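Just dropping this structure here.
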Amino acid sequence: MAAASHLICHRVSVAVGATSAAVLVYEVMDWPRGMACPLDVSSLVRLADTCCSSPNKSAGPTVLVCGDGVTACGLAAGVLSVVDRLKERQDVDVYRTAVKLRRYRQQFIINEAQLQCMLQAARTYLSDFRVYQN
């Protein structure tokens, strides 16, 4: 099922004994492996908006997975934090969000390009929010 042109959702069933659960796996298609940032930040904003929406919040924890375990996951965690904060409080300090992430995981937000991507994600989310608001 496609959530956006560059965001694909796969539904996977996971079973342990008699207990099974459905897991939604989102794949960002416009983010080539090895690149610090996706080609278009709007796919990350869409992913964050989807993960932060009310029905998904109660579904269970969010697990971020990427090829090297940190590059894409770190930026995705940053964008998720920014969008969640904007949804909850309508304000966010993107720089402090990046600093806080790096305090707990030094490999997250590896360069200025990723910080700029977080800033662009905030702008994109706010721009989309204004369109929906009007």
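What's the angle, to the nearest 10 degrees (0 to 90), between helix 42-52's Cα axis and the longest principal axis of the chain?
Helix 42-52 sits roughly 60 degrees off the main axis of the chain.
Let me ask something else about it. Can you sort ILE109, ILE8 so the residue with the fewest Cβ neighbours within 10 Å comes first? Don't jump to the answer; show the numbers that get you there.
On the way: ILE109 25, ILE8 15.
Ascending number of Cβ neighbours within 10 Å: ILE8, ILE109.
Report the residue, chosen from GLY74, GLY34, GLY17, that carries the largest GNM mean-square fluctuation when the chain is represented by alpha-carbon nodes joined by springs under 10 Å.
Comparing GLY74, GLY34, GLY17 in a Gaussian network model of the chain, the most mobile one is GLY17.
Scan (1) 55, 37, 23; (2) 54, 44, 26; (3) 46, 39, 26 for the value of Cα extents along the principal axes in Å calculated from this model and give just the label.
Answer label, from the structure shown: (3).
Okay, next question. As a test of the formula, what do you get for the chain when each DSSP H run with n ≥ 4 contributes -39,500 (n - 2.57) and the sum is divided by the residue count, at 222 nm and rounded to the nearest 500 deg cm²/dmol?
Values: 5 runs with 67 residues, N = 134.
About -16000 deg cm²/dmol.
Label-point separation (nm) for ASP30 and ARG102, each offset 7 Å from Cα along Cα-to-Cβ?
Each label point is offset 7 Å from its Cα along the Cβ direction, giving 2.7 nm.
Same structure again: For LEU119 and HIS10, what does the FRET efficiency come to when R0 = 25 Å and r is the distance between their Cβ atoms, rounded to the nearest 0.05?
Values: r = 30 Å, r/R0 = 1.19.
Efficiency for this residue pair is about 0.25.
No lab work stands behind these numbers, since they all come straight from the coordinates. Quantities reported herein were computed from a predicted structural model and do not represent experimental measurements. Cβ coordinates were reconstructed from backbone atoms using ideal geometry, including for glycine residues, and neighbour counts include every protein chain displayed.
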